[in-house]
1. Which three extents, in angstrom, do the Cα atoms of the chain have along their principal axes, listed largest first?
2. How high is the relative contact order of the chain? Use alpha-carbon pairs under 8 Å, at least six apart in sequence, and give a whole percent.
3. Just tell me the longest site-free run in the chain, where the sites are trypsin sites (Lys or Arg not before Pro) in a DSSP loop having at most 12 other beta-carbon atoms within 10 Å.
4. Evaluate Rg over Rh across region 42-101, taking Cα atoms for both radii and Kirkwood's formula for Rh.
Amino acid sequence: MKVIAIGRNYAAHAKELNNPIPSVPVIFMKPDTAVLKDNKPFYLPEFSSDIHYELEIVLKICKEGKHIQEKFAANYFEEVGLGIDFTARDIQSQHKEKGLP
């Protein structure tokens, strides 16, 4: 499984975090382990004291394609769901200060 995420595509949230709003969204990947499976419980890690969460729309892509016209986009995903994205903001801020992703 491949988890592809789109970032900084919500202008109000980018402003809230003092992030620049790019002309095109930021695309990045998350490891397979970022997805909870088999109804396993989640936990908040001990290495962070500032965990934020966001509700995300999740699409399960069912076929490959390039340069897909908007009117055909629905043919390329088969499931829509909601996910919760947890972010250690304190760790993220430390990386951001150093110019790291």
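Bear in mind that the values in this text are calculations on the coordinates, not laboratory data. Bear in mind the structure is a predicted one, so any value in this text is a computation, not a measurement. Counting neighbours? That spans all protein chains shown, and the Cβs are built from the backbone with ideal geometry, glycine included.
1. Between the extreme Cα coordinates on each principal axis of the chain lie 42, 38, 21 Å.
2. RCO, the chain: 24 percent.
3. Value returned for the longest uninterrupted segment is 3-36.
4. 1.17
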